[in-house]
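Novice: Here it is, the structure, as structure tokens.
The values are calculated or read from the model by the stated rules, or taken from the named source; none is laboratory data. If you're wondering where the values come from, they're calculated on a predicted model, not measured in any experiment. Neighbour counts run over all protein chains shown; Cβ positions are idealised from the backbone, glycine included.
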């Protein structure tokens, strides 16, 4: 099950994944330091925290992709994103974007090297149940789109003139 399937719609997940770095850069480029740290709404993350989260999840997705390819019927290890976010004050937006960009390039090299049979590999998530490698990739793409939408809404009110 892909919790971000509605975000993805009918778009090709590999195209979305390949375009996210450029979109993310465009949506954060003109943010002032103050705007980057301003929460999108009470109790919500700031743009800087969203990019930190995307960097963290890129690490997690990279590990999941490789484990799913290396182990038959891999069971994904979930994580608590809010607990990971407890340490986001240590990071600035440029560092988070740099890590995301580098990891995304690395993960794309892997994804683009795979054959169709790799995308049918079975795996499972303890909370979401059985899925295929392709579903994992679709989740990755939908997750990107979810956060790009958040940043897109934010950019109209937080960008510097």
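Novice: May I ask you to say which residue of 108, 123 is modelled with pLDDT of 95 or more and not in a helix (DSSP H, G or I)? Steps first, please.
Specialist: On the way: 108 fails: not in a helix (DSSP H, G or I).
Going through 108, 123 in turn, the sole match is 123.
Novice: Something else: When you look at residue 93, is it in contact with a strand residue (DSSP E or B) (Cβ under 8 Å, 6 or more places away or on another chain) and over 14 Å from residue 137 (Cβ atoms), yes or no?
Specialist: Working: in contact with a strand residue (DSSP E or B) (Cβ under 8 Å, 6 or more places away or on another chain): yes; over 14 Å from residue 137 (Cβ atoms): yes.
When the stated conditions are applied, residue 93 passes them.
Novice: Looking for something in contact (Cβ under 8 Å) with a residue 40 or more places away in the chain and more than 24 Å from residue 49 (Cβ to Cβ) - is there at least one such residue anywhere in segment 145-153?
Specialist: The first filter runs over segment 145-153 and keeps only residues in contact (Cβ under 8 Å) with a residue 40 or more places away in the chain, leaving 145-153.
Adding the requirement that they be more than 24 Å from residue 49 (Cβ to Cβ) leaves none.
No, there is no match, as no residue in segment 145-153 is in contact (Cβ under 8 Å) with a residue 40 or more places away in the chain and more than 24 Å from residue 49 (Cβ to Cβ).
Novice: Continuing with this model, one more query. Out of 48, 27, which single residue is in contact with a helix residue (DSSP H, G or I) (Cβ under 9 Å, 6 or more places away or on another chain), under 15 Å from residue 97 (Cα atoms), free of Cβ contacts under 8 Å to residues at least 60 places away in the same chain and part of a helix (DSSP H, G or I)?
Specialist: Numbers: 27 fails: free of Cβ contacts under 8 Å to residues at least 60 places away in the same chain.
Only one candidate qualifies: 48.
Novice: Still on this structure, please answer the following. Scanning for something modelled with pLDDT of 95 or more and assigned to a helix (DSSP H, G or I), does segment 70-80 turn up at least one residue?
Specialist: Yes, because at least one residue in segment 70-80 is modelled with pLDDT of 95 or more and assigned to a helix (DSSP H, G or I).
Novice: Further, regarding this structure: Please enumerate the residues belonging to segment 1-22 that are touching a helix residue (DSSP H, G or I) at 6+ places or on another chain (Cβ under 7 Å) and farther than 30 Å from residue 129 by Cβ.
Specialist: Scanning segment 1-22 gives a single hit, 21.
Novice: Of all residues in segment 11-34, count the ones that are in contact with a strand residue (DSSP E or B) (Cβ under 7 Å, 6 or more places away or on another chain) and buried (at least 16 other Cβ atoms within 10 Å of the Cβ). Full working, then the answer.
Specialist: Just the residues of segment 11-34 that are in contact with a strand residue (DSSP E or B) (Cβ under 7 Å, 6 or more places away or on another chain), to begin with: 30-31.
Still in the list and also buried (at least 16 other Cβ atoms within 10 Å of the Cβ): 31.
Selection size over segment 11-34: 1.
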